[in-house]
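K.L.:
Below is the structure I would like to discuss, written out as structure tokens.
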Amino acid sequence: MPTEEPIRQLQAGGPSGLLGTGASGSLWALSLTGQAPRRMAEGIDAATPIATGHGRIAARTAEGGLWVWEAAAGAGGAREVSASRSANLSVNAGLLILPLAVLAVVTVTARPADPLGQRLARFEPDNGGPWREVARSTEAVLPDARPVQVDLDSRGDGGHIAVLAGPDSSRYDHGVLGDAIEATRVLWLERHGLDVLREMSLPAPHVFEDIAPRPVLLPGAQPGPGLLTVRSGPDGGQLALVKADPARPRGLRLAALGDTVGGYHRWLAPTTDGRHLAAVHTPHIGGVLHVYQLEGERLTRRRLQGDVSTHRIGTREVDLAAWVQGLLILPSQDGRQLRLFHPAADWAELKAVSLPGRAVLTAAVAGAAALAVLMDGGQVALAGPATRTATRTATSTSTRTATRG
């Protein structure tokens, strides 16, 4: 059945390969081949990202509960289970699906705006029934944190959970990422009990002006896993690499820093495929793409091209770039084109792809070697190498544009 509403959230995965949350809270399985979308659920919070992985879909309900869909084996097929409404998931925060659990940020005080009122929680199914909370971190995390799984100690055990924490609403008053609360700490938590394995704190006046650290695996003088993020302070933002501190069993350290963008409240938006390091400097005012190289304790940069942007001011989608089939794809400054760069060809720029609207969110669809783009009118465009860009609107008719990608 064709949808009758604009899409507000987009996520690769699910039974059709692509999911969208409608403005009314309906969850849709969007077709990659032009077929009608299929409604999967109602009452989903359209402001909070969806998560997929390990055969499951997780979402926040409009009441703050945890909604989970899973592709069950056997004749019963897929099934839906939910945690109680008392789960109190934090709006705008990320969900993370593990093989046996779902991690979510929960609000633990009566005032959701309290900067110290959120914790990371682990939910597990109760003997095949509703999901329930089984563990909670003791440390406060960002209200809109996006936890990630990373093996910072190279243990080979699948990794544990990195999350931005130490929320502070007074140290740095930039507020371009949706609120004025910024992180002052990075925590690496054991994924079962959510106890602190490693941590680091920034001294004032600096903050981590970010929502989600990005796992990277780098060669060279500092080989091994790390986290790419942004440190901001009086001289603006700078790219930062956080790694395990070999001198402190429970410590993380700033292993390398790039030069500041220059100027108070100037910011940069990082992006990585886990190996290449890049960032768009000042994405709100003329955005310029730079690539970075790790040289000792410095992240040295090279300017590539201007007129790009991977963030819209005031939103929590901090990385609209995507890495598809070895290409870096990111929107133009006005969001109406996709610009393609080829890292293996010395970052040569390929032909741009025009969009029928302004890009506000992207999702790389790995199985289809394609990029889904949500536009400001609620449309979803699907672009792939040497294919047409298929546009699915939130109306009763699908359209198709003949843009080459």
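K.L.:
State all residues of region 23-70 that are on the phi > 0 side of the Ramachandran plot and touching a Gly at 6+ places or on another chain (Cβ under 8 Å); if no residue qualifies, say none. Walk me through how you get there before you give the answer.
P.N.:
Step one: list which residues in region 23-70 are on the phi > 0 side of the Ramachandran plot, which gives 25, 34, 43, 53-55, 64.
Listed by number, the residues that qualify are Gly25, Gly43, Gly53.
K.L.:
Let me ask something else. With Leu338, Leu355, Leu350, Leu371 as the choices, which residue is within 17 Å of Gly306 (Cα to Cα), free of Cβ contacts under 8 Å to residues at least 60 places away in the same chain and not charged (D, E, K, R)?
P.N.:
Details: Leu338 fails: free of Cβ contacts under 8 Å to residues at least 60 places away in the same chain; Leu355 fails: within 17 Å of Gly306 (Cα to Cα); Leu371 fails: within 17 Å of Gly306 (Cα to Cα).
None of the other options fit; the residue is Leu350.
K.L.:
Please go through (1) in contact with an Asp or Glu (Cβ under 9 Å, 6 or more places away or on another chain); (2) crowded, with 21+ Cβ neighbours inside 10 Å; (3) of a type outside the set (D, E, K, R); (4) free of Cβ contacts under 8 Å to residues at least 60 places away in the same chain for Gly251 and return the number of the only condition it doesn't satisfy.
P.N.:
Evaluating Gly251 over (1) in contact with an Asp or Glu (Cβ under 9 Å, 6 or more places away or on another chain); (2) crowded, with 21+ Cβ neighbours inside 10 Å; (3) of a type outside the set (D, E, K, R); (4) free of Cβ contacts under 8 Å to residues at least 60 places away in the same chain leaves (2) as the failure.
K.L.:
Return only the number of the condition from (1) buried (at least 22 other Cβ atoms within 10 Å of the Cβ); (2) without any contact (Cβ under 8 Å) to a residue 60 or more places away in the chain; (3) outside any strand (DSSP E or B); (4) of a type in the set (A, V, I, L, M) that Val230 does not satisfy.
P.N.:
Among (1) buried (at least 22 other Cβ atoms within 10 Å of the Cβ); (2) without any contact (Cβ under 8 Å) to a residue 60 or more places away in the chain; (3) outside any strand (DSSP E or B); (4) of a type in the set (A, V, I, L, M), the lone unmet condition for Val230 is (3).
K.L.:
Report, by residue number, each residue of region 84-120 that is touching a residue at least 24 places away in the same chain (Cβ under 8 Å), hydroxyl-bearing (Ser, Thr, Tyr) and under 26 Å from Leu177 (Cβ atoms).
P.N.:
Result: Ser90, Thr107.
K.L.:
Which one of these does Asp114 not meet: (1) part of a strand (DSSP E or B); (2) surrounded by 14 or more Cβ atoms within 10 Å (Cβ to Cβ); (3) at pLDDT below 90; (4) not hydrophobic (A, V, I, L, M, F, W, C)?
P.N.:
(1)
K.L.:
Quick one: how many residues across region 95-146 are of a type in the set (Gly, Ala, Ser) and out of contact with any Leu (no Cβ under 9 Å at 6 or more places or on another chain)? Spell out how you get there, then give the answer.
P.N.:
Of the residues in region 95-146, the ones of a type in the set (Gly, Ala, Ser) are 101, 104, 110, 113, 117, 121, 128-129, 135, 137, 140, 145.
So of that shortlist, the ones also out of contact with any Leu (no Cβ under 9 Å at 6 or more places or on another chain) come out as 101, 110, 113, 117, 128-129.
Number of matching residues: 6.
K.L.:
Continuing with the same structure: From the set of residues in region 8-24 that are in a loop (DSSP other than H, G, I, E, B) and free of Cβ contacts under 8 Å to residues at least 40 places away in the same chain, which is farthest from the chain's Cα centre (by Cα)?
P.N.:
If we filter region 8-24 for residues that are in a loop (DSSP other than H, G, I, E, B), which is where we start, we get 13-17, 23-24.
Then keep just the ones that are free of Cβ contacts under 8 Å to residues at least 40 places away in the same chain; that gives 16, 24.
On the way: Ser16: 21, Ser24: 22 Å.
Here the residue is Ser24.
K.L.:
Please go through (1) touching a strand residue (DSSP E or B) at 6+ places or on another chain (Cβ under 8 Å); (2) free of Cβ contacts under 8 Å to residues at least 24 places away in the same chain for Phe123 and return the number of the only condition it doesn't satisfy.
P.N.:
(2)
K.L.:
Same structure, new question: Within the group Val353, Val308, Val318, Val365, which residue is closer than 16 Å to Thr271 by Cα, touching a Gly at 6+ places or on another chain (Cβ under 8 Å), surrounded by 14 or more Cβ atoms within 10 Å (Cβ to Cβ) and not polar (S, T, N, Q)?
P.N.:
Details: Val353 fails: closer than 16 Å to Thr271 by Cα; Val318 fails: touching a Gly at 6+ places or on another chain (Cβ under 8 Å); Val365 fails: closer than 16 Å to Thr271 by Cα.
From the options Val353, Val308, Val318, Val365, the qualifying one is Val308.
K.L.:
I've got another one for you. Kindly provide the set of residues from region 343-358 that are out of contact with any Leu (no Cβ under 6 Å at 6 or more places or on another chain) and not in a loop (DSSP other than H, G, I, E, B), ordered by number.
P.N.:
Matches in region 343-358: Pro343, Ala344, Ala345, Ala348, Glu349, Ser354.
K.L.:
Here are Arg275, Arg339, Arg266: which of them is assigned to a loop (DSSP other than H, G, I, E, B), modelled with pLDDT of 95 or more and out of contact with any His (no Cβ under 7 Å at 6 or more places or on another chain)?
P.N.:
Numbers: Arg339 fails: assigned to a loop (DSSP other than H, G, I, E, B); Arg266 fails: modelled with pLDDT of 95 or more.
Exactly one of Arg275, Arg339, Arg266 is assigned to a loop (DSSP other than H, G, I, E, B), modelled with pLDDT of 95 or more and out of contact with any His (no Cβ under 7 Å at 6 or more places or on another chain), namely Arg275.
K.L.:
Can you pull out the residues in region 5-58 that are of a type in the set (Lys, Arg) and over 19 Å from Asn92 (Cα atoms)?
P.N.:
Initial filter on region 5-58 (of a type in the set (Lys, Arg)): 8, 38-39, 56.
If the condition is that a residue be of a type in the set (Lys, Arg) and over 19 Å from Asn92 (Cα atoms), then Arg38, Arg39, Arg56 are the ones that fit.
K.L.:
Going through region 284-316 one residue at a time, which ones are among the polar types (S, T, N, Q) and assigned to a loop (DSSP other than H, G, I, E, B)? Lay out the reasoning, then the answer.
P.N.:
Within region 284-316, the first condition is being among the polar types (S, T, N, Q), and the residues that meet it are 293, 300, 305, 309-310, 315.
Within region 284-316, Ser309, Thr310, Thr315 qualify.
K.L.:
Which condition number does Val150 fail, the rest of (1) surrounded by fewer than 23 Cβ atoms within 10 Å (Cβ to Cβ); (2) within 17 Å of Gly237 (Cα to Cα) being met?
P.N.:
(2)
The values are calculated or read from the model by the stated rules, or taken from the named source; none is laboratory data. None of the values given here were measured: they were computed from a predicted structure. Neighbour counts run over all protein chains shown; Cβ positions are idealised from the backbone, glycine included.
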